[in-house]
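The values are calculated or read from the model by the stated rules, or taken from the named source; none is laboratory data. None of these values were measured; they are calculated from a predicted model. All Cβ positions, glycine included, derive from the backbone under ideal geometry; neighbour counts span all protein chains shown.
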Amino acid sequence: MAETSQASQASSQATSGPSVAAVKNTTPVYEIGFHIVPTVGDEGVSAVVESIRKALGDPDGKTSSSNGAGAEIISEGFPKKITLAYQVERATQGKREKYTESYFGHIKFAMERDGVTAFTEIMRALQPILRFLIIETVREDIAQAPRRAVFSSDRLEGKTLEKPVAAPEKTAEVSDAELDKSIEALTG
């Protein structure tokens, strides 16, 4: 009898489950940084970004699970053309392509761990992607938060540090004869 009440209690807890907000906070957050080949041009970059968003399962900024990934996009940086630190080579269709520039962009997204491997395979298959890197990160945007230096000292506690003011220089009167004498000594 006690076993059946425990079982019914466990099943009622399982059906109620955690709230939607709790699920969003426990979903791992990732960020992908990617380089797009410069040959796509300025007009082709947006098409490549849309294909990445579709691979995430989030084509218009709202969560959808059309391909099972169902990522929530948190933030993104549209790709900008940059000069690479070194020349990157890639073998495509039997010839080597060399790049010194690329379009670099990034997208921060929340996704279940099992969807990341499928997303990685889709990214590897996209031809316009030169390189990419996926890292696990935090939901907050730490780049935007201003940082404040905090110093700790017993002798300065409660005091405001001020920039020291330099003492003004004293000017002295110099006669023309002394000035001529010192110029002749330097040149002569």
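General remarks:
For every residue, the table says whether it meets (1) more than 35 Å from the chain's Cα centre (by Cα); (2) small (Gly, Ala, Ser); (3) at pLDDT 85 or above; (4) farther than 30 Å from Glu43 by Cβ.
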| position | (1), (2), (3), (4) |
| --- | --- |
| Glu97 | no, no, yes, no |
| Leu130 | no, no, yes, no |
| Leu133 | no, no, yes, no |
| Glu136 | no, no, yes, yes |
| Arg147 | no, no, no, yes |
| Pro168 | yes, no, no, yes |
| Asp176 | yes, no, yes, yes |
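- For first residues located in the stretch 107-134 and within 19 Å of Val88 (Cβ to Cβ), partners that are among the hydroxyl-bearing types (Ser, Thr, Tyr) and buried (at least 16 other Cβ atoms within 10 Å of the Cβ) and lie 6+ apart or on another chain with Cβ distances below 6 Å form the pairs Leu130/Ser102; Ile134/Tyr30.
- Pick from the stretch 3-49, criterion over 19 Å from the mean Cα position of the chain (by Cα) and charged (D, E, K, R), ranking: modelled with the lowest pLDDT: Glu3
- Flag if Lys80 is part of a strand (DSSP E or B), out of contact with any Cys (no Cβ under 8 Å at 6 or more places or on another chain) and modelled with pLDDT of 90 or more: yes
- Gln93 meets each of the listed conditions (1) farther than 23 Å from Glu43 by Cα; (2) more than 22 Å from the chain's Cα centre (by Cα); (3) surrounded by 15 or more Cβ atoms within 10 Å (Cβ to Cβ) apart from (3).
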